[in-house]
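Since the structure comes first, as structure tokens, the remarks are kept for the end.
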Ligand code: ADP
């Protein structure tokens, strides 16, 4: 029809320009390896991002070339987040916690031509570079600066990019099978930033006045989009560098008056312990909320932060394939008003989908009812949900014929539309033809005052096919027996859900992004015979 709107391209270049034009003074603070604080601002950072774009072009890289990063969270990584895609290249964040074998596969499969690497991570790069097509290595604070110096950002004109061009890519961790590459477009990255920004429960949204600290690594699904969101809003950014211990993070939060911080539950469990040990030591009055996701967020942690320290947790759910944020437990107005025990029940769910994300859950071809009871596999679709993996035709069955992405997560859906993540399909316990949710059992166990962490896994069982086994880490100085824990669970679950076996360990092994590594627990415990009960 005549008289319509402009076909304006949704690119990260717009966000770059916006930040330098309107938020030039906005601060970007980085905790350096020596623990000192580096301070810069958006004007300088966006200028250096352009310089990087220009320098990469001068060095002979072409449109669509993959440029990898192997870095902690810091301002140079932020430059790469903009300079690479806005130059027409593709930012490929490599996960520095992966095994060199996996990194070799991922960097080679992606066809990375260059890498920007922290000096401290050069030994890691040396272990896999030869098995890749990486031709150029730029070391942060060293040859990376030399690269920048070759170009003058004032001579550079931002290329006209199509919003559907690739901006960035990230590989799934590949806990089952080979890692798979997910390619984000400019359009999907921009819309994702908008969608996450629309998460605005009762004024809790990220605004220009809200310093934000992404603890989630920039190699873990684009740091959940917060670098782009913060830049779009002109919010001060606080990058923790390599220091992810609770003490350093609390220092950052206090000193830099952080309002929002984002990370996986294990990070926040550690911080909660420290706060409980030394209540009042840190002034966290500027905190609005912690954004927590990537794995189930224990209800006891949500309640503990709020009741003991006055701090709010907002849970989010997502996957590398969903950019990653697809839902958040941002409560609608009426639920914000209910008494806190009920409110925590809602906050302990994965929340409702962001605008433009659609959900359904199915068993076979049948959609399950939204009754908070029935369980099925969650399927999603939306403008920042992957439509395929990069060069992996064998994985095409992850998409349904009618265009939904199969998440592999087993969920029930509350009548209010809140997603309840019950398990990953490979972790759910199939006992006597029914499903037992390991997440529900873990959540309940972590509400016991003696329990620091709990992971529940399936072990083979000749009669029931599988049974749950609970692996428990006790808090310092606490004791509790398996029988006491079973009694503690009994009122909350059907009898057949209760684990027969409890194993007490010093630590639960974690994945490269800080989730419970259940495969390792299965290897350790599933082969041992279950003692007769
Ligand atoms: P990986 O865990 O393989 O590294 P992702 O980071 O993409 O890859 O993980 C996505 C998965 O993390 C989801 O499919 C889901 O199982 C889990 N997850 C993410 N957020 C939550 C949440 N809030 N509650 C429970 N599980 C979650």
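The values are calculated or read from the model by the stated rules, or taken from the named source; none is laboratory data. As the structure is a computational prediction, the values presented were derived from the model and not from experiment. Here the Cβ positions follow ideal geometry from the backbone for every residue, glycine too, while neighbour counts run over all protein chains shown.
Of everything in the stretch 322-337 that's modelled with pLDDT of 95 or more and touching a helix residue (DSSP H, G or I) at 6+ places or on another chain (Cβ under 8 Å), which residue is surrounded by the fewest Cβ atoms within 10 Å (Cβ to Cβ)?
324
Take the stretch 290-331 and flag every residue that is without any contact (Cβ under 8 Å) to a residue 40 or more places away in the chain and in contact with a strand residue (DSSP E or B) (Cβ under 8 Å, 6 or more places away or on another chain).
Passing the criteria: 290, 292, 305, 306, 311, 315.
Assess whether residue 496 counts as being modelled with pLDDT under 95, in contact with a strand residue (DSSP E or B) (Cβ under 8 Å, 6 or more places away or on another chain) and exposed (fewer than 15 other Cβ atoms within 10 Å of the Cβ).
yes
Would you check if residue 429 is within 16 Å of the ligand (Cβ to nearest atom), modelled with pLDDT of 90 or more, surrounded by 17 or more Cβ atoms within 10 Å (Cβ to Cβ) and under 30 Å from residue 244 (Cα atoms)?
Spelling it out, it is not the case that residue 429 is within 16 Å of the ligand (Cβ to nearest atom), modelled with pLDDT of 90 or more, surrounded by 17 or more Cβ atoms within 10 Å (Cβ to Cβ) and under 30 Å from residue 244 (Cα atoms).
Within the group 138, 171, 226, which residue is crowded, with 23+ Cβ neighbours inside 10 Å and away from the ligand (no atom under 16 Å from the Cβ)?
138 is the lone residue from the list that is crowded, with 23+ Cβ neighbours inside 10 Å and away from the ligand (no atom under 16 Å from the Cβ).
Looking at the structure I just gave you, is residue 164 in contact with a strand residue (DSSP E or B) (Cβ under 8 Å, 6 or more places away or on another chain), more than 25 Å from residue 242 (Cα to Cα) and surrounded by fewer than 16 Cβ atoms within 10 Å (Cβ to Cβ)?
Spelling it out, residue 164 is indeed in contact with a strand residue (DSSP E or B) (Cβ under 8 Å, 6 or more places away or on another chain), more than 25 Å from residue 242 (Cα to Cα) and surrounded by fewer than 16 Cβ atoms within 10 Å (Cβ to Cβ).
Need a quick list: strands (runs of 3 or more DSSP E) entirely within the stretch 103-214 having at least 1 residues that are more than 23 Å from residue 19 (Cα to Cα) and at pLDDT 95 or above.
Ranges flagged: 114-117, 136-139, 166-171, 181-185.
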